[in-house]
1. Roughly how many debye, to the nearest 20, is the charge dipole of segment 32-192 about its Cα centre, given +1 on each Lys and Arg Cβ, -1 on each Asp and Glu Cβ, and no other charges?
2. I'd like to know how segment 32-192 sits against the 2.2 N^0.38 Å rule of thumb: what's its Cα Rg over that expected value?
3. Using Cα-Cα distances under 8 Å and only pairs 6 or more residues apart, what relative contact order does segment 32-192 have, in percent?
4. Would you please name the trypsin sites (Lys or Arg not before Pro) within segment 134-193 that are DSSP coil residues with at most 14 other C-beta atoms within 10 Å of their C-beta?
Amino acid sequence: MRFPTLSSRGLVVSTFAVLLAACASAPPPSMRTTADAADTPFSIAGRISARRGDAGVAGAFTWTHDAAHDAIDLSTPLGQTLAKLEGGANGVEVRLPDGRTQTAATWRELTERAFGVTIPVDGMSAWVRGVPRAAEPFTIERDARGRPALLRQQGWEVVYAYADDAAERPLRASLSYPGPDTIEVRVVVDRWQ
């Protein structure tokens, strides 16, 4: 019994088709999987504002994140410390400039108590990169370049803006949590590390 053989030209075409398919399936950096995003450490700096009714906070921030721990420093535009937030799965705390410290089990509880408005730090660690949180239902709409334009998850809507058409990471994320006391959080990332 004879097996059919591929000609040299057929072999080249087949190899090229396989390589092309492999390249087409690799997502660009801005569209990595949620698991990748949750496990990838980052350090960013920028500006944030969060508001619910008359309560709110605004300022500059630096944020260092890894899968087990977050550390966020909030400061005024002139560099005065507003708060230092730190923690992970075993609890979180905020240290205020006057020396007071508050602790809580979750970021939601801590930011609500400290600032009068919920800042979804646990979700934002994925959302600021343009990806959904792992193991949570979501919907996503993409722009003409395939980048996230609108993400809906856990009741939050996240609208993304980019510096230009070539940018892969979002420059701005505008979060809103609709309801009788609508929460609005705006994040501008000035520097990624």
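Here, each number is a calculation from the coordinates, and none is a lab measurement. The structure presented is a predicted model; accordingly, all values stated were derived computationally and were not measured. All Cβ positions, glycine included, derive from the backbone under ideal geometry; neighbour counts span all protein chains shown.
1. On the way: 19 positive and 22 negative charges, 40 e Å.
Roughly 200 debye for segment 32-192.
2. Values: Rg = 15.2 Å, N = 161, 2.2 N^0.38 = 15.2 Å.
For segment 32-192, the normalised Cα radius of gyration is 1.00.
3. Working: 353 pairs, mean separation 34.2, N = 161.
About 21 percent, as a whole number.
4. Numbers: sites: 142, 145, 152, 172, 186, 191; in loops: 145.
Qualifying residues, ordered by number: 145.
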